[in-house]
Amino acid sequence: MPEKTIIPVGPYHPLQEEPELFKLYCDGEIVTDIEWETGYNHRGIEKINESKTFEQVFFVVERICGICSTSHPFAYANAMEEIAHVTVPDRAKYIRSIVGELERIHSHLLWVGLAGHFIGYNTVFMWAWKYREPVLDLFEIITGNRNSYAMFKIGGVRRDIEEKDFSTILTILDGLKPKAEMLMNAVIDDPVIHMRTKGKGILTRQDIIDFCAVGPTARASGVDIDIRRDDPYAAYPLVNWKVIVAAEGDIFAKAVVRFLEIFESISIIEQCIEKMRKEKPGDIEVKVKNIPEGDGSGRAEAPRGEVFHYVKSDGSNAPVRHKIRAPSYVNVATFKKSCVGQTITDATLALAAVDPCYCCTERMASVYDARTRNKILDGTGLIRMSQEQTRLIQGRKSKVEGQRSKVEGRRSKVEGRRSKE
Amino acid sequence: MAQVFYFFIFPGLLFASVAGGFLSWFDRKLTARLQFRVGPPMLQPFYDFVKLLAKETIVSSEAAKSLFLMAPVFAVTGACLSCVLIFIPVFGIGNGFQGDLIVIFYLMMVPTISYIIGALASGNPLSNLGASREIKLLIGYEFSMLLVLAAIILKAGNTVSIHDIILLQQQEGAFIGSLSGVLLFIPLMMCVQAKLAFVPFDLADAETEIAGGIFLEFSGLTLALAKLAKYIMMLVLPSFVIVVLLGGFRLDGIHILWSLLKLIGLVLLITLVRNTNPRLTVGQSLRFFFIWMNLIAVVAILLAYAGL
């Protein structure tokens, strides 16, 4: 048996923004085996939830992941509504779907950017993230937050989307379409990207079934699963859309599936808005007084795949047991198939191709004046500034452009003040 | 005494690092603008260098200390010497000597080899991996580079002196004006890209794969010197292309502007290539150089032989 080198990817490695250790056992450049260790970032959320009330749990599960921060509340709401036997009003369903799909768009754009970064294509990285920015603005208009939206509650949603916002949402989405298309063509038609991604890290249909992989990872290998269709929830049965499936199972197919899902999501949002116009404004929740004894499970299709929540209630105001399964948990296991036998170069890309979830987005930041070294903004200041911008951005609804330039002007001023690069 | 001045002040270390620093800034700024970013201020490469000088230099206990610490010094020395040899005939300080083209070819290899030595001496598995990648890549592109040089020597009427090559081009027009010259430009620029370790050939220090590879263990002074060598190569390599293919530099009157434009244009080209391509793997890069670039170079040699 030849001597093996262990190439560590993690616990801190530029490829993985979260602490996670992959040990690549290598024979030269070829990966012969892979092992991984997780748990560096364990926060005990399931246990924490047992000490929270049902309503508070929403805010905890939202913080499991910063990127798909609505999929966990989505699944949790589905679980709670199963226990309480509540039917959510249609308008709330549409709003939920809109938030969920916007999240899919921004998450997929984020992945495209990161994937570009991983193969050394930083231009795609920056461009994808630039085009993702208006989607985050949309979140701010709809929910008041760029991330961690706090939109969901048992029986409905917390905020209505007002009639006058519809046109803004549609305008921004219309603006996004050509940009996403341009980005997609740039990636899909690039011969060098073909060389790097086609036929690399292949997961066959059988592999997906063996490992129970979910989401775009599964759909790129020809496994036609999507919780939105298979276990309908929110407004997904009420609109027309199709599940994107590709057969190849390589990294390229995963990128194609994600790109096409962006367009599918845009179409879902447009249909939801069209149908919302017919619903009564303000009819966004059913009041739920008590959670009866019992248990319920909820599923939601996060950008990375199926999120599963199980909640057990004993009739009090807090869950007795809360079980969460995030999609990356199953998708990460496929590395055993997709990375072994590849070169290190391709294996690292295969690691990133399932879009493992980075769940540590909480940051504290300060802004210093570059010249005088005085602290301009600390944590509270930044929060105040963000609230101010939210007010501005929500006030701009009618005259989109004028306000936008004001916000941008202020933003660039702040950027100038930050340290030089 | 004059040699010391040439090496340390002009056109050696000081001149090359200042000019190279600005070219490196241009590359970074342009990259930033292409990516909707603001980009660094003009003096950023020098800030980087000074900041790194003030940082602690860490030597791992696994490392072969002296070799590891000397490697960046070799890199800077090699880069500086090649710069001196290229610019002495350009600035008319001297005429160089018969055969300096070959010497420059070897000297330009020195920084890369120094990085490899430093990485292998560092005792880090990721650095070792980066070094082994760099060695493979080196074998790939240096052969193409040699073929290109052979074609250029053939075109220049079997002279191997930079001075004669520049003179010939200034009398009879730049080599790129001919068919073989245009063909030679492609493999030469690709070799330059690989020598600078820019995308698509940055697999030796691929940050997202092997966390910086050959540069991973360098810190403080050693990293500062490695960076300095990179700045200098940023000036040396495009200048070399200009000297052997694009008619050299002319420093009289308006021609200074034209020479500067050539230099900036080449850096622009390098930056564009590195911002519109993903990274290649080792096998792909080798295939690219061994098959395609060598093929182009051989065709160019035949054309040059036929006088085209």
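Miscellaneous remarks
- Across region A:132-151, the qualifying residues are those that are in contact with a helix residue (DSSP H, G or I) (Cβ under 7 Å, 6 or more places away or on another chain) and part of a loop (DSSP other than H, G, I, E, B), and the one among them that is surrounded by the most Cβ atoms within 10 Å (Cβ to Cβ) is A:Met151.
- Looking only at region A:189-222, and only at residues there that are in a loop (DSSP other than H, G, I, E, B) and buried (at least 22 other Cβ atoms within 10 Å of the Cβ), the one that is nearest to the other protein chains (Cβ to nearest Cβ): A:Gly201
- Of all residues making up region A:1-34, the number that are in a loop (DSSP other than H, G, I, E, B) and surrounded by fewer than 15 Cβ atoms within 10 Å (Cβ to Cβ): 7
- Lone unmet requirement of (1) among the small types (Gly, Ala, Ser); (2) away from every other protein chain (no Cβ under 14 Å); (3) free of Cβ contacts under 8 Å to residues at least 40 places away in the same chain; (4) part of a loop (DSSP other than H, G, I, E, B) for B:Gly39: (2)
- Every residue from region A:372-394 that is free of Cβ contacts under 8 Å to residues at least 24 places away in the same chain and among the β-branched types (Val, Ile, Thr): A:Thr372, A:Thr380, A:Ile383
- Check on A:Ile269, assigned by TED's automatic domain parsing to the domain that holds A:Asp230 and touching a Ser or Thr at 6+ places or on another chain (Cβ under 9 Å): yes
- Sole exception among (1) closer than 22 Å to A:Ile344 by Cα; (2) at pLDDT below 90; (3) away from chain A (no Cβ under 14 Å) for B:Asn128, by number: (3)
- Qualifying position, being β-branched (Val, Ile, Thr) and touching a helix residue (DSSP H, G or I) at 6+ places or on another chain (Cβ under 6 Å), among A:Val286, A:Val332, A:Val311: A:Val311
- Given (1) within 14 Å of chain A (Cβ to nearest Cβ); (2) out of contact with any Leu (no Cβ under 7 Å at 6 or more places or on another chain); (3) in a loop (DSSP other than H, G, I, E, B), number of the condition B:Arg279 does not satisfy: (2)
- Exactly one residue among B:Ala150, B:Ala121 is in a helix (DSSP H, G or I) and crowded, with 22+ Cβ neighbours inside 10 Å, and that residue is B:Ala121.
- Single residue of region B:170-195 satisfying the filter (within 14 Å of chain A (Cβ to nearest Cβ) and of a type in the set (A, V, I, L, M, F, W, C)) that is farthest from the chain's Cα centre (by Cα): B:Met190
- On inspection, A:Val57 passes the criterion of being aliphatic (A, V, I, L, M) and away from every other protein chain (no Cβ under 14 Å).
- Criterion: out of contact with any Cys (no Cβ under 7 Å at 6 or more places or on another chain) and either more than 13 Å from chain A (Cβ to nearest Cβ) or more than 27 Å from B:Phe240 (Cα to Cα) (or both) - qualifying residue of B:Leu120, B:Leu137: B:Leu120
- Filtered residue count, region A:90-131, keeping only those that are under 17 Å from A:Ala253 (Cα atoms) and in a loop (DSSP other than H, G, I, E, B): 1
- Region A:9-40, residues that are within 25 Å of A:Gly113 (Cα to Cα), in contact with a helix residue (DSSP H, G or I) (Cβ under 8 Å, 6 or more places away or on another chain) and at the interface with chain B (Cβ under 9 Å from one of its Cβ atoms): A:Val9, A:Pro14, A:Leu15
The values are calculated or read from the model by the stated rules, or taken from the named source; none is laboratory data. None of the values given here were measured: they were computed from a predicted structure. Please note: Cβ atoms are built from the backbone with ideal geometry, for glycine as well, and neighbour counts cover all protein chains shown.
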